[in-house]
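Comments concern the structure below.
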Amino acid sequence: MSAAPAGGPSVLVVGGGTAGHIEPALAVGEAVTALDPTARVTAVGTPRGLETDLVPKRGVPLELVDPVPLPRSVGGDLVRLPGRLVRAVRGAREVLRRTDADVVVGFGGYACVPVYLAAAAPLRPASGGARRRVPIVVHEANSRAGIANKLGARFAVATLAAVTGSGLDARVVGNPVRRAVATLDRAALRAQARATFGLDPDGPVLLVVGGSQGARSLNTAMAAVAEEFSRAGVGVLHAVGPKNVDDAPVVPAGGAPYLTVPYLDRMDLAYAAADLVLCRSGAITVAEVSAVGLPAVFVPLPHGNGEQALNARDLVAGGAALLVEDADLTPDHLRSEVLPLALDPDRLQMMSEAAVRGGSRDAAEVVARIALDAAGKAPR
Ligand SMILES: CC(=O)N[C@H]1[C@@H](OP(=O)(O)OP(=O)(O)OC[C@H]2O[C@@H](n3ccc(=O)[nH]c3=O)[C@H](O)[C@@H]2O)O[C@H](CO)[C@@H](O)[C@@H]1O
């Protein structure tokens, strides 16, 4: 997204912490710019999350607000606003003023609370004129809405969700996926992708991704069988997570390559290189895997309210993916179930066709149109 001429709508996409909150924000920002090249898109996050790394790499201006502990419920706690939240909201109002925001699109998480509260109160724009509220569009990526989006939905002009049953009274639009992934033709990019990573041009490739932070249980289980996969001719591209580099599996040369990286900046190439993915079932990962038609073995994060199992449910039911509980992801399971699957092109083809049928590739554009409408400056 390059600098746009001044005068177009100012769209704030708000989501921070893990990539699961940042990627949909960037995907919608990208779609806004595609629909209206005069639009000024700004990402808003906190100093603590992956956004300080990911957002500048995509060439999108980043504004930071203070992270605030989320209250447990939208009730009394919010009335007794702690000082930190008051300061964070004040900072967020400065961001709204500085960017002359026409609309806020929030994706939940820490960064959203102060921005939602700032946008909900009338504000005099930097460009002058009467005090006004900044319209809020809320998007919930997960099967169960978090507290930040429950709060935002109270003030929103449009509430959107990836799936039904999130607990919000929302229009269901799917999950926004970045353009390079949403428009990916895996077969067309396969040779280039494999060459980029140093994988064999032919032969099966397994992608292993434990969400944006990596997953120790996936790393540990794969480390125990890495050499067997390599000897069996299955190449592996394994994103271990930025903090897990020291524990990355090391495999002697001789078999198919086993490549480890801290983080994959080009997930489009990773999906194109792979025949199968072993991964956590964060909401955006599930949306991407579905959009590109890649067969998957999902290992839901065992913490929280069980939402990662819910995220994977439709793809599993449709035959596009398998689900393994975290506790059952043993080296023996990888050896007896995942390795044979990686070596079975017919079964992978059937799973891939089922995945493509379930994919939703246009959610980013749908959300972008709603945001531009809310800004009152949608292109005719
Ligand atoms: C521990 C935690 O808080 N998990 C949540 C977090 O997961 P997490 O941050 O892991 O998010 P997702 O799995 O939804 O998405 C991960 C995103 O990071 C990208 N990626 C990942 C690894 C990599 O090396 N390179 C890369 O680009 C993926 O392509 C995807 O776009 O947000 C999701 C969306 O709200 C939630 O469903 C998860 O429950």
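The values are calculated or read from the model by the stated rules, or taken from the named source; none is laboratory data. In this text the structure is predicted, and so the values were computed from the model without any measurement. As a convention, Cβ positions derive from the backbone with ideal geometry for all residues, glycine included, and neighbour counts pool all protein chains shown. Ligands, DNA and RNA are stripped out before the accessible areas are found, and what is left, the full protein with its side chains, is counted by its heavy atoms. Shrake-Rupley method; radii C 1.70, N 1.55, O 1.52, S 1.80 Å.
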Applying the selection to segment 81-115, what residues are of a type in the set (D, E) and surrounded by 20 or more Cβ atoms within 10 Å (Cβ to Cβ)? D102
State the number of residues belonging to segment 289-303 that are open to solvent by 10 Å² or more (accessible area, probe 1.4 Å) and either part of a strand (DSSP E or B) or near the ligand (Cβ under 8 Å from one of its atoms) (or both). 2
Given the conditions (1) open to solvent by less than 30 Å² (accessible area, probe 1.4 Å); (2) at pLDDT 95 or above; (3) in the same structural domain as A327 (by TED's automatic domain parsing), and given that A195 satisfies all but one, which numbered condition is not satisfied? (1)
If a residue has to be crowded, with 19+ Cβ neighbours inside 10 Å and either more than 20 Å from the chain's Cα centre (by Cα) or at pLDDT 95 or above (or both) to count, how many in segment 355-368 make the cut? 5
Scan segment 235-242 and give yes if some residue there is over 21 Å from V299 (Cβ atoms), of a type in the set (A, V, I, L, M) and in contact (Cβ under 8 Å) with a residue 24 or more places away in the chain, otherwise no. no
Being modelled with pLDDT under 95, within 16 Å of the ligand (Cβ to nearest atom) and hydrophobic (A, V, I, L, M, F, W, C) is the filter here, so list the residues in segment 304-354 that pass it. A309, L310, A312, L315
Taking segment 321-354, which residues are open to solvent by less than 20 Å² (accessible area, probe 1.4 Å) and either acidic (D, E) or touching a Lys or Arg at 6+ places or on another chain (Cβ under 8 Å) (or both)? L341
Within segment 214-262, tally of residues that are within 16 Å of the ligand (Cβ to nearest atom) and either surrounded by fewer than 20 Cβ atoms within 10 Å (Cβ to Cβ) or not assigned by TED's automatic domain parsing to the domain that holds E337 (or both): 10
Across segment 189-236, the tally of residues that are within 24 Å of the chain's Cα centre (by Cα) and of a type in the set (A, V, I, L, M) stands at 11
Every residue in segment 269-282 that is open to solvent by 10 Å² or more (accessible area, probe 1.4 Å) and near the ligand (Cβ under 9 Å from one of its atoms), please. R280, G282
From the option list V95, V134, V104, V113, single residue qualifying as more than 23 Å from T52 (Cβ to Cβ) and not assigned by TED's automatic domain parsing to the domain that holds D314 is V134
Given the criterion among the basic types (K, R) and within 16 Å of the chain's Cα centre (by Cα), identify the matching residue among R347, R335, R266. R266
How many residues does segment 308-320 contain that are in a loop (DSSP other than H, G, I, E, B) and either open to solvent by 40 Å² or more (accessible area, probe 1.4 Å) or on the phi > 0 side of the Ramachandran plot (or both)? 2
May I ask you to list the residues in segment 25-39 that are touching a helix residue (DSSP H, G or I) at 6+ places or on another chain (Cβ under 7 Å), more than 21 Å from A162 (Cβ to Cβ) and open to solvent by 10 Å² or more (accessible area, probe 1.4 Å)? D36
